[in-house]
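Down below is the structure, laid out as structure tokens.
Computed from the coordinates by the stated procedures, all read-outs in this text should not be read as laboratory data. Quantities reported herein were computed from a predicted structural model and do not represent experimental measurements. Counting neighbours? That spans all protein chains shown, and the Cβs are built from the backbone with ideal geometry, glycine included.
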Amino acid sequence: MKKIVLTGGGTAGHVTANIALLPYLKAEGYEVSYIGSYDGIEKRLISDFDIPYYGIATGKFRRYFDPKNFSDPFRVLKGFSEAKKILKEINPDVLFSKGGFVSVPVVRAAASLKIPCIIHESDMTPGLANKICLPVAKKLCCNFPETMKYVKEGNALLTGTPIRDELLKGNAEEGYKLCGFTHDKPVVMVIGGSQGAAAINKTVRDSLNLMLKDFQVVHICGKEKVDNMLLNVEGYKQFEYLKGELKHVFAMADLVISRAGANSICELLALKKPNILIPLPTSQSRGDQLLNAASFESQGFSIVINEDDLSEKYLMEKIHELYFSKQSYIDAMKNSGQQNATATIMKLINEVSEEK
């Protein structure tokens with residue numbers, strides 16, 4: 001039986017692509033194991049699946065001063081030693097890493113044992129953890145054509161990010177029932193994400209009088225962000241968050257307004273949803289969402305509004321612009337090289353594991 005070790009953690013985004021690959025790896029006959037931190041989010045997320053999980057010590061690499069900068073290198077060395085011992089016992093054919101700082105000792109340990117490593121970078125520019133892993137990686141999978149210039153020619157492959165099959169199985173009619181909407185007007189879905197959604201939430205709500213003339217709006221606004229004064233507005237439905245029902249709302253939506261996190265925009269691409277991206281500004285992030293959004297705009301997948309330019313009037317202009325030219329955005333996404341991410345990555349995993 002072929003064996004693979006998955007790694008990645010620190011945030012849900014560093015785990016979800018691994019989870020999306022699980023049913024395909026099992027269908028291909030792989031024995032799957034996971035290496036993550038002792039008690040990070042990846043441990044909780046992976047516990048829902050019937051695969052062995054191994055915890056190791058890990059430390060964060062920072063570009064700024066922090067007292068932990070003196071102790072964390074020793075934690076990384078300990079994690080390297082622990083990962084090497086675990087990998088010797090498992091003896092996998094290949095390692096797949098989704099990134100995050102827990103991946104650094106695992107990838108480096110695998111490389112020291114001559115285990116081929118495939119790493120995945122979600123953002124346009126590789127994060128620090130993946131920069132450390134790149135020199136020993138067999139291949140880098142990426143979401144953006146622009147990422148290819150950051151690695152040696154031939155070492156990168158444009159794949160996109162695997163998304164959960166569940167999102168592709170939505171039923172639009174279930175979405176209409178859930179929201180109490182009719183088929184008389186198109187639906188705009190607003191999904192701001194947990195980080196920094198306040199500006200989007202406010203502008204959307206301030207724009208409702210204009211927006212509801214032509215559209216219905218389903219607004220996933222974040223935990224404790226529901227506006228109780230707007231609960232009974234016809235054509236406007238709010239949710240703090242959605243789990244199983246999310247696929248139905250996506251299926252119903254004609255347009256989507258979103259932040260530009262890598263996983264979110266890859267879901268929009270896979271679902272071929274015309275979208276407006278409002279990336280987190282550099283004051284709230286390292287600027288990766290701005291780069292992600294600019295790439296999607298240049299490829300014809302998205303319209304981008306910078307948060308500083310966000311206003312009721314401008315938002316409505318862009319919503320109408322997107323709606324009346326939505327087919328061109330759908331066509332661009334259909335022809336994208338980032339479609340079929342799961343199949344592309346599975347093909348690469350099979351090729352690399354057979355070379356060992």
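Brief remarks follow.
- Loop-located trypsin sites (Lys or Arg not before Pro) in the range 114-195, at most 11 other Cβ atoms within 10 Å (DSSP): LYS114, LYS152
- Site pair ASP50 and GLU224 shows an inter-label distance of 3.9 nm when each label is modelled 7 Å from Cα along Cα→Cβ.
- Net length gained if the chain between ASN91 and TYR323 were fully extended (0.36 nm per residue, minus Cα distance): 78.3 nm
- Helix 72-90 and the longest principal axis of the Cα set of the chain meet at an angle near 70°.
- Between the amide H of GLY160 and those of CYS142, ASN143, distances stay under 5 Å, these residues lying 5 or more places away or on another chain, with hydrogens modeled in the peptide plane.
- Which of HIS320, HIS219 has the fewest Cβ neighbours within 10 Å, and the rest in rising order: HIS320, HIS219
- Helix-derived mean residue ellipticity, 222 nm - over the chain, DSSP H n ≥ 4, -39500 (n - 2.57), to 500: -12000 deg cm²/dmol
- One decimal place: the segment LYS177-GLU31 gains 48.5 nm when fully extended, by the rule 0.36 nm per residue minus the C-alpha distance.
- Rounded tilt (10° steps) of 13-27 against the dominant C-alpha axis of the chain: 70 degrees
- Computed E for TYR24/MET1 - FRET, C-beta separation, R0 22 angstrom, nearest 0.05: 0.90
- Efficiency of FRET between ASP39 and GLU166 - r from beta-carbon atoms, R0 22 angstrom, step 0.05: 0.25
- In nm, spacing of pseudo-spin labels at ASP309 and ASN232 (7 Å Cα→C-beta vector): 4.0 nm
- Exceeding the 21 Å Cα-Cα cut-off - candidates LYS213/LYS247; LYS43/LYS84; LYS139/LYS272; LYS177/LYS313; LYS98/LYS347: LYS213/LYS247; LYS139/LYS272; LYS177/LYS313
- Taking 0.36 nm per residue of separation and subtracting the Cα-Cα distance, full extension of the segment from THR11 to GLU240 would add 80.5 nm.
- Within the same chain, aspartates and glutamates fewer than 8 places from LYS223 are excluded, and of the rest, those with a Cα less than 12 Å from its Cα are GLU240.
- Per residue, the average separation of C-alpha pairs within less than 8 Å and at least 6 apart gives the range 168-334 a relative contact order of 24 percent.
- Within the range 268-312, backbone nitrogen closer than 12 Å to the virtual label 7 Å beyond the Cα of LYS149 toward Cβ: none
- Semi-axes of the equivalent ellipsoid of the chain are 38, 21, 19 Å, computed as sqrt(5λ) over the eigenvalues of the C-alpha gyration tensor in descending order.
- Debye log10 I(q)/I(0) for the range 218-319, one point scatterer per Cα, at q = 0.14 Å⁻¹: -0.60
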